[in-house]
Amino acid sequence: MEQGRLFLAIVLSFLVFVGWEFLFVDKQKVPPPVSQEEIVESAESQTTDSDVIVPVEKPVQDPSERIATPGNFFGSLTISTPLYQAKISEKGAAIVSFVLNDYRETVDKNSPNKELISENNKSGMGLLNFSNKALPKISDAVFTTAFSENSLDLRNTPQSISFFWQSADGILVEKRFTFYPDSYEVKMDVLLTNTSTRPFEEDLTVSMVNAGPKDTRQFSFEGPFAFVDNKLEEIKVKDLDEINSISGNINWAGLSEQYFMSAIIPEAPSSSTIRLNFDEKQNLLEVTYVYPGKTLQPGARQQFEHSLYIGPKQISILEATGSHLEKAINFGFFDFIAKPCLWLMNTIHDRFIPNYGIAIILLTILFKLIFWPLGTKSYKSMAEMKRLQPLMTEIRQKYKDDKKKMNEEVMGLYKTYKVNPMSGCLPMLVQIPVFFAFYRMLYGSIELRHAPFFGWINDLSAPDRLFSFDFTIPLMAPPYGIPVLTIIMGATMFLQQKLSPPPGDPAQAKIMMMLPLIFTFIFINFPAGLVLYWLVNNVLSISQQYYITQKTL
């Protein structure tokens, strides 16, 4: 029983090392014949329903009579909004660049803005294809547009631009993008027009491609994910050999990074399939949304409506986008605790003190106050155990050759003085769910990315480093420097250990005294926000423990 604290400390260490993986989805009225002007018409004037096949009055009799592809070749088109700057290439009419205005690549003030499309991704996002490769050249298709400028600056109202490509077999493909000045969501409708004399039956696919995880040891999930059948599905990269597709009612599907994401959002979620692929050589992940095939008769048109989201993983932004996109933020097993913690932290920052470091400190103090009665009970038990240490040492010396008798005498001592050795551990166990939830929340919150605290701590999402060394330090991830906050945290753990009653077994006592050093090395590469939380929690625990111990003794 006396070894409860040792067991708890070892379990906690093991969970910090390993446990994150666990703690861490009527027919339509017949319109007149299709003309070029009708196909080029703007998004504001055309309201074709999703997945509706509209036959024209008179089918085209000869492929050579099909209409010419509207517009001109454009090279690339740049779209600027208050939130981002995107670039669309004429090859595939794909989004090949998406730079965020409010986020930088690094904490350096001179750092360029954050680019969300990897340089390894030469093809871009929002690519179209067909399951059976009925149009084999569509992957290399060069689109045209009737838009006459090479740039578009959006400030007040949404605007739509259409891009066109026509196959040699007479299938006209239109990609109509709609950009919004106040959203990271980009609407992308696809219209297929069959100008040939033969039916066209295929499964249209839309793909999102981007870089895979840079570090598989990340505690937060990175990789393909989807919201399927009202639950979040996260597929680890290492499992893609076995899991290469997901079927069900899909609200959205995409790719997740620690702080950013990209996703395909169908306008009307329905039973469909997503395919998953990983190019290990290029470190590129691909998520492909597959529309169920429909026969497109000669002269008919079919429209597919969906949106692309490319932007930050921030709950308020994702909730405003809709389609349950906020479910993309998942803090693991204790997500139901972590989400309120995030709300509290943001409330403190947005309404009271605009410093996330201070918000973390105040939130830690709040949790300490909530668990103050449990902590008091635990520290009282520790103080009583400490008072019994001389008597327990005497019993161990007297019965050192008779373990059974020694344990009986120790248990008798507990009974005589009405001391429960486990009462010091159980209150700590009750707090573990909150600890893990808060821990995961701090690690995955984009709000802490590049958020300064004070002094040398200019990024609460990165390890704290004072100075910068040009040589490698063992066990330390770059950048190399002095982890001041982490060292202070280790010192507080050592002091807290000294205040606690030592185990009677000398070997156990040595292990307990090594734990602060072990935790210091564990935390050396953790984000400063996490270290700050643990440091403040230690200081508050030491203060409470010292007060209760003095009062009890």
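The values are calculated or read from the model by the stated rules, or taken from the named source; none is laboratory data. Quick caveat, the model's predicted, so the values are computed rather than measured. Note that we place each Cβ from the backbone using ideal geometry, even for glycine, and neighbour counts take in every protein chain shown.
Counting the residues of the stretch 312-333 that are of a type in the set (Phe, Trp, Tyr) and crowded, with 20+ Cβ neighbours inside 10 Å gives 1. Whenever a residue of the stretch 374-388 is farther than 10 Å from residue 419 by Cα, it has no partner that is of a type in the set (Lys, Arg) and part of a helix (DSSP H, G or I) lying with C-beta atoms less than 6 angstrom away and at least six residues away or across chains. Summed over the stretch 208-227, residues that are surrounded by fewer than 22 Cβ atoms within 10 Å (Cβ to Cβ) and at pLDDT 95 or above total 0.
For every residue, the table says whether it meets (1) surrounded by fewer than 17 Cβ atoms within 10 Å (Cβ to Cβ); (2) among the basic types (Lys, Arg); (3) out of contact with any Asp or Glu (no Cβ under 8 Å at 6 or more places or on another chain); (4) not assigned by TED's automatic domain parsing to the domain that holds residue 115.
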{"site": "155", "(1), (2), (3), (4)": "yes, yes, yes, no"}
{"site": "163", "(1), (2), (3), (4)": "no, no, no, no"}
{"site": "170", "(1), (2), (3), (4)": "no, no, yes, no"}
{"site": "190", "(1), (2), (3), (4)": "no, no, no, no"}
{"site": "197", "(1), (2), (3), (4)": "yes, no, no, no"}
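A Cβ distance below 6 Å, combined with a sequence gap of six or more or placement on separate chains, defines the contacts here; from the stretch 449-472, residues that are in the same structural domain as residue 535 (by TED's automatic domain parsing) reach residues that are among the basic types (Lys, Arg) in the pairs 461/449. Taken together, the residues in the stretch 312-340 that are farther than 25 Å from residue 115 by Cβ and basic (Lys, Arg) amount to 2.
Those strands (runs of 3 or more DSSP E) of the stretch 281-346 in which at least 2 residues are under 30 Å from residue 362 (Cβ atoms) and under 17 Å from the mean Cα position of the chain (by Cα), considering only elements entirely within it, cover 300-312. I need every pair where a residue in the stretch 350-369 that is at negative phi has its Cβ under 7 Å from the Cβ of a residue that is surrounded by fewer than 18 Cβ atoms within 10 Å (Cβ to Cβ), sequence separation at least 6 or different chains. From the stretch 350-369, the pairs are 357/454; 359/353; 363/344; 367/434. On the stretch given as the stretch 82-139, residues that are farther than 16 Å from residue 312 by Cα, crowded, with 16+ Cβ neighbours inside 10 Å and either of a type in the set (D, E, K, R) or out of contact with any strand residue (DSSP E or B) (no Cβ under 9 Å at 6 or more places or on another chain) (or both) total 3.
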